[in-house]
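Visitor: Attaching a single structure in C-alpha cells format; questions to follow.
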Amino acid sequence: VAARKKHVQPLSGPEKAFGQAFRRMRKKLGVSQETVGFEAECDRTTVSLIERGLVSPKLETIVKMCRVIKAKPSEVMRRMEESPFYQA
C-alpha cells in the first residue's frame, strides 16, 4: 500500500499571498466558499485549494471569483502584494 502524500501548506509565495488576501475579503463579506464556487463555476474544494495557496488559479477563475465578492482583481492583487507571504 503506497503512503498517501499530505498536502503541505506553502510557507510563502504569490499563491499563498493571493489565497490569504482573497479569503480575508471573502470572509469580510460573509460569503461562503460554496457560494464562490457555485457562482464562479468551480468546485468549493478548488476555492479552498486556491485560498490555501496549493493551486494557482487561471486568470478567468480569478475574475469570476472576484466578481462574487464584488472586488476588482486588482484590489485582491494589491492586498496580495502587501502580504508578508508575498515574495516577488
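The values are calculated or read from the model by the stated rules, or taken from the named source; none is laboratory data. Note that this is a predicted model, so its numbers are computed, not measured. Backbone-built Cβ (ideal geometry, glycine too); neighbour counts: all protein chains shown. The protein model used for the area step is the full one, side chains on, heavy atoms only, and it has no ligands, DNA or RNA in it. Shrake-Rupley method; radii C 1.70, N 1.55, O 1.52, S 1.80 Å.
Visitor: For the chain, what's the relative contact order in percent, using C-alpha pairs closer than 8 Å and at least 6 residues apart?
Guide: On the way: 105 pairs, mean separation 38.3, N = 88.
Dividing the mean separation by the residue count of the chain yields 43 percent.
Visitor: Shifting gears a bit: When the accessible area of segment 11-62 is computed with all protein chains present and a 1.4 Å probe, what percentage of it is carbon and sulfur? Before the final figure, lay out each step's value.
Guide: Working: 1520 of 2920 Å².
That share works out to 52 percent.
Visitor: How much net charge surrounds Gln87 when only other residues with a Cβ under 14 Å from its Cβ are counted (Lys, Arg +1; Asp, Glu -1)? Can you show the working numbers first?
Guide: Working: positive: Lys16; negative: Glu15, Glu81, Glu82.
Overall, the nearby charge balance is -2.
Visitor: Taking a label point 7 Å from the Cα of Glu75 along the Cα→Cβ vector, which residues of segment 32-69 have an amide N closer than 13 Å to it?
Guide: Residues 66-69 qualify, since their backbone N sits under 13 Å from the label point.
Visitor: A further question follows. Regarding the chain, what are the three Cα extents along the principal axes, ordered largest first, in Å?
Guide: Principal extents (largest minus smallest coordinate, Cα): 46, 30, 22 Å.
Visitor: Once every DSSP H run of n ≥ 4 in the chain is given -39500 (n - 2.57) and the sum is divided by its residues, what mean residue ellipticity at 222 nm do you get, rounded to the nearest 500 deg cm²/dmol?
Guide: On the way: 5 runs with 51 residues, N = 88.
The helix-only estimate for the chain comes to -17000 deg cm²/dmol at 222 nm.
Visitor: For Glu39, what charge total do you get from the other residues with a beta carbon under 9 Å from its beta carbon, if Lys and Arg give +1 and Asp and Glu give -1? Intermediate results must be reported in sequence, preceding the final value.
Guide: Values: positive: Lys64, Arg67; negative: Glu41.
Taking every other residue near Glu39 into account, the sum is +1.
Visitor: Within segment 9-47, find all residues whose amide N lies under 13 Å from a label point positioned 7 Å from the Cα of Leu54 along Cα-to-beta-carbon.
Guide: 9-10, 44-47
Visitor: Could I have the simple spin-label model distance between Ser12 and Thr35, label points 7 Å from Cα toward Cβ, reported in nm to one decimal?
Guide: For Ser12 paired with Thr35, the spin-label model returns 3.4 nm.
Visitor: Here is a follow-up. How big is the dipole moment of the chain about its Cα centre under a simple scheme where the beta carbon of each Lys and Arg is +1, that of each Asp and Glu is -1, and everything else is neutral? Debye, nearest 20, please.
Guide: Working: 18 positive and 10 negative charges, 50 e Å.
Charge dipole of the chain: 240 debye, to the nearest 20.
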